[in-house]
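First comes the structure, then the notes that go with it.
The values are calculated or read from the model by the stated rules, or taken from the named source; none is laboratory data. What you see is a predicted model; the values in this text were computed from it and never measured. Cβ sites come from the backbone with ideal geometry, for glycine too, and all protein chains shown count toward neighbours. For the accessible areas, the whole protein counts, side chains as well, though only heavy atoms, and no ligand, DNA or RNA atoms are used. Shrake-Rupley method; radii C 1.70, N 1.55, O 1.52, S 1.80 Å.
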Amino acid sequence: MIEIKDKKNCVGCTACAEICPKKCIQMKPDEEGFLYPVVDKSRCVECNACNTVCPIQSPVDEKEKLQKAYLVQHCDEKVRLDSSAGGAFTAIATVVLQKGGVVFGAAYDENFHVQHTYIEAVDELKKFRNSKYVQSELGDAFCLVKSFLQKGRWVCFSGTPCQIEGLSRFLRKPYEKLVLVDVVCHGIPSPLIWNKYLEYQEQSFPNPDNIRFRDKFYGYKYSTMSIIQNGKNVYHAGSQLDPMLRAFFSDTCDRPSCYECPFKKRYRVSDFTIWDCFSVYDFDKKLDDDKGTTRVLCHSQKAASLMQEVMEYARCKEVSADKLVAGVKEMFESVPMNLNRTVFLADATKLSGKELFEKYYPVTKKVKVKTAIRKVLLVTGIYGTMKKCLNRVRGR
Ligand SMILES: Cc1cc2nc3c(=O)[nH]c(=O)nc-3n(C[C@H](O)[C@H](O)[C@H](O)COP(=O)(O)OP(=O)(O)OC[C@H]3O[C@@H](n4cnc5c(N)ncnc54)[C@H](O)[C@@H]3O)c2cc1C
């Protein structure tokens, strides 16, 4: 029976709960808001299926394979602006829907909690667009994927690398009509902190229409957290000002397993890996229009042939796979744990959202000055040039 002695050894992928023949494993939140398997020992038959399926306990070896690489920009400008990067995910998902398939991804429910769900029509894809920097609840998504595949349907499943490895282990065998899409993942913040953030913003912006982690209000190079209320963009703050983004980028609230993530690698079990391309000018200056570009790495022959269909919906420029992954730290290295993580998450159980964020992420004079300077740099167009230089120095 599965027993999580060290929380670093559980990514919360649900594979153990979903595979259990007795359905005696439930995913329950711990005090930090992350879901972990809890076994009803009285019903467990010690079949060990849960340990065998676990992608951490029984890892798959990384196998070098031929890869194709692309820079992708969706042809529909609205879709591209709505997406975190260039809208490659929408283009890949559209190809699967056109084959009569279903698409799984992370969406908000009516209370802005992030969960995996599926859709069957192209106009519903907007639910999945835009990264939500909070761990999504998978529910019974893995079982649903299996049942769609068994009915002969095409299925596209998108998620974090740990979710994709978990699903792949759960399914046990390759399916011709399954398309796995993972993101390059910085790390995955706690749903508890996200709830605190919702509570904090609710005071100033009640009943929002949408909350976007990666809004392009100021362009792609400086995307912001934005709140849309009554159809208007009423709040937009970047990573130096918004407390949720500050917590995310300072690695203060990620799942324990993220700090030693075993899925940070180049060769993956997915068909596609997608991530941002802020330095598109290093590949092709003509593509650098500050509206967003997705880097797409194809790991399988299936992905390479689907790319021919993706080209109907998106501009795709083939590039060298080595160049695409060069200097991409988040693909290879886990984030370092912030020293404040333990106290921040402990305080989150006691303090209100306002108290928590004002304590750890106060809007000091320094933050205000930084924000003002950034706005001036943006308006004058200097920001883009500075970011280019910075990316070059960092080798990105
Ligand atoms: C938690 C997280 C961390 C990331 N970290 C990095 C990074 O460090 N560097 C980098 O270059 N890119 C990172 N990305 C990927 C990047 O933000 C874009 O998602 C990617 O470039 C694809 O953009 P797009 O425009 O093609 O698709 P979008 O339209 O932006 O598609 C979003 C896709 O992400 C999935 N998704 C959204 N939120 C979640 C979630 N909470 N859990 C699982 N899946 C989710 C959706 O299902 C959909 O498939 C991260 C994404 C997430 C979700």
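Data for the structure
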quantity: So Phe148, is it of a type in the set (Phe, Trp, Tyr) and out of contact with any helix residue (DSSP H, G or I) (no Cβ under 9 Å at 6 or more places or on another chain); calculated: yes
quantity: Of all residues in region 181-204 being of a type in the set (Val, Ile, Thr) and assigned to a strand (DSSP E or B), the one that is nearest to the chain's Cα centre (by Cα); calculated: Val183
quantity: Among (1) over 20 Å from Leu167 (Cα atoms); (2) open to solvent by 10 Å² or more (accessible area, probe 1.4 Å); (3) within 10 Å of the ligand (Cβ to nearest atom), the one test that Ala88 misses; calculated: (2)
quantity: Matching strands (runs of 3 or more DSSP E) fully within region 221-327 where at least 3 residues are open to solvent by 10 Å² or more (accessible area, probe 1.4 Å) and more than 20 Å from Lys68 (Cα to Cα); calculated: 232-237
quantity: Some residue of region 341-348 being among the aromatic types (Phe, Trp, Tyr), modelled with pLDDT of 95 or more and either more than 13 Å from the ligand (Cβ to nearest atom) or not assigned by TED's automatic domain parsing to the domain that holds Asp182 (or both); calculated: yes
quantity: Val319 β-branched (Val, Ile, Thr) and away from the ligand (no atom under 11 Å from the Cβ); calculated: yes
quantity: Residue list for region 247-301, restricted to those being β-branched (Val, Ile, Thr) and touching a Cys at 6+ places or on another chain (Cβ under 9 Å); calculated: Thr273, Thr293, Thr294, Val296
quantity: Scope region 103-129; condition open to solvent by less than 40 Å² (accessible area, probe 1.4 Å), without any contact (Cβ under 8 Å) to a residue 40 or more places away in the chain and of a type in the set (Phe, Trp, Tyr); matching residues; calculated: Phe128
quantity: Failed item, numbered, when Pro37 is tested on (1) closer than 25 Å to Lys173 by Cβ; (2) part of a strand (DSSP E or B); (3) assigned by TED's automatic domain parsing to the domain that holds Lys323; (4) not polar (S, T, N, Q); calculated: (3)
quantity: Any chance Tyr133 is open to solvent by 20 Å² or more (accessible area, probe 1.4 Å), touching a Phe, Trp or Tyr at 6+ places or on another chain (Cβ under 6 Å) and closer than 23 Å to Ser83 by Cβ; calculated: yes
quantity: Residue selected from region 105-157 under the condition among the aromatic types (Phe, Trp, Tyr) and not in a helix (DSSP H, G or I), by the criterion farthest from the ligand (Cβ to nearest atom); calculated: Trp154
quantity: Any chance Gly100 is surrounded by fewer than 22 Cβ atoms within 10 Å (Cβ to Cβ) and part of a loop (DSSP other than H, G, I, E, B); calculated: yes
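For (1) open to solvent by less than 80 Å² (accessible area, probe 1.4 Å); (2) closer than 27 Å to Pro256 by Cα, each residue gets a yes or a no:
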| site | (1), (2) |
| --- | --- |
| Asn340 | yes, yes |
| Glu358 | no, yes |
| Tyr361 | yes, yes |
| Lys375 | no, no |
| Lys387 | yes, no |
